[in-house]
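Shown next, in structure tokens, is the structure this report addresses.
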Amino acid sequence: VTLLDHQQQHRPIEPPDPHRVHDLYASRFVDRYDLGAELWERLTCGDALAAFEHRLRSLPKRSLRVLDVGCGTGRNLHRLAAAGIDIDNYVGVDTSERMLQRAATNHPYSRARFVSGDAIDTLGSEGKHDLIVITWVLSHHPDPAALIAAATNALAPEGRVLILALTASDTIMGRLHAWRLRRFLHSNPIDPVILRESSPSFLGVSCRGLITIAEIPRR
Ligand SMILES: C[S@@+](CC[C@H](N)C(=O)[O-])C[C@H]1O[C@@H](n2cnc3c(N)ncnc32)[C@H](O)[C@@H]1O
């Protein structure tokens, strides 16, 4: 993982259509999601994940109130537990009932709570959190800057937002990657400037600038 290049410029990209995103995660795609995501992460972004998990392990081990935005099938629960974080205070929010059902099936013995709803609405109504994780969600969102702002506003004192996001890169590979993501996954890699402008305490890129990890503290 390297530090983000502050000089890079990106072309504006049109936002993804929330209806298409919703349809994708209401479809049979969900049945293949866990395996697909696992393989994709291992093959493309092992170093970004290692940095993300390192960040999780370095958090204080007290009982953290965790909100997982766009939690999907609950994959972050494994990472949080592996980092020694008590997941009894975990809330996962997602717009897809089908992904949430899968999350509940994947974690039958956990006291984690899964909530159906839109990310921004839930961030305004679920109280304050010590840790908010947002993994692979920002590029599906029509207004990623608003989502980051809502998350930072929902932090308790000393809280932080940890983000893993697909980001735009103006290289041939970056453009091809973005085309494939838009075409097949209704996901538009976001301009890293959006992350930079939220005053992160840590910002790193991986996989030739296509993935960014950010940690945003409470302002
Ligand atoms: C690529 S999956 C990521 C799931 C999980 N965070 C992970 O790391 O595997 C994106 C998830 O974001 C959810 N999502 C998309 N837009 C959302 C929104 N506006 N509010 C809440 N969830 C949303 C989708 O339903 C889907 O489950």
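The values are calculated or read from the model by the stated rules, or taken from the named source; none is laboratory data. Quick caveat: nothing in here was measured; it's all calculated off a predicted structure. Using ideal geometry, Cβ is built from the backbone for each residue, glycine included, and neighbour counts are taken over all protein chains shown. Accessible surface areas use protein heavy atoms only, side chains included; no ligands, DNA or RNA. Shrake-Rupley method; radii C 1.70, N 1.55, O 1.52, S 1.80 Å.
Observations, loosely collected:
- Considering the range 66-88, and only residues there that are in contact with a Lys or Arg (Cβ under 7 Å, 6 or more places away or on another chain) and within 24 Å of ALA51 (Cβ to Cβ), the residue that is surrounded by the most Cβ atoms within 10 Å (Cβ to Cβ) turns out to be THR73.
- Flag for LEU147 being open to solvent by 10 Å² or more (accessible area, probe 1.4 Å) and within 10 Å of the ligand (Cβ to nearest atom): no
- Scope the range 190-205; condition buried (at least 19 other Cβ atoms within 10 Å of the Cβ) and in a helix (DSSP H, G or I); matching residues: PRO192, ILE194, LEU195
- Residue match in the range 53-64 (condition: touching a residue at least 40 places away in the same chain (Cβ under 8 Å), within 16 Å of ILE132 (Cβ to Cβ) and assigned to a helix (DSSP H, G or I)): yes
- Qualifying residue in the range 206-215 (condition: buried (at least 16 other Cβ atoms within 10 Å of the Cβ), touching a residue at least 40 places away in the same chain (Cβ under 8 Å) and either part of a helix (DSSP H, G or I) or touching a His at 6+ places or on another chain (Cβ under 7 Å) (or both)): yes
- Unmet requirement for GLY92, which otherwise passes all of (1) open to solvent by less than 10 Å² (accessible area, probe 1.4 Å); (2) touching a Gly at 6+ places or on another chain (Cβ under 8 Å); (3) in a helix (DSSP H, G or I); (4) near the ligand (Cβ under 9 Å from one of its atoms): (3)
- Complete set of residues in the range 28-49 that are more than 11 Å from the ligand (Cβ to nearest atom) and either part of a loop (DSSP other than H, G, I, E, B) or over 15 Å from the mean Cα position of the chain (by Cα) (or both): ARG28, ASP31, ARG32, LEU35, LEU39, ARG42, LEU43, THR44, CYS45, GLY46, ASP47
- Of ARG98, ARG113, ARG102, all but one fail to be open to solvent by 50 Å² or more (accessible area, probe 1.4 Å), in contact with a strand residue (DSSP E or B) (Cβ under 9 Å, 6 or more places away or on another chain) and more than 22 Å from ILE211 (Cα to Cα); the exception is ARG113.
- Selected residue (criterion: farthest from the ligand (Cβ to nearest atom)) from residues of the range 56-71 that are over 13 Å from ALA112 (Cβ atoms) and at pLDDT 95 or above: VAL69
- Within the range 172-185, one or more residues are within 9 Å of the ligand (Cβ to nearest atom) and open to solvent by 30 Å² or more (accessible area, probe 1.4 Å).
- Filtered residues of the range 150-159 (kept if modelled with pLDDT under 95 and either among the acidic types (Asp, Glu) or within 14 Å of the chain's Cα centre (by Cα) (or both)): GLU158
- Residue selected from the range 119-137 under the condition open to solvent by 60 Å² or more (accessible area, probe 1.4 Å) and not small (Gly, Ala, Ser), by the criterion farthest from the ligand (Cβ to nearest atom): LYS128
- Flag if ALA104 is without any contact (Cβ under 8 Å) to a residue 40 or more places away in the chain and in contact with a Gly (Cβ under 9 Å, 6 or more places away or on another chain): yes
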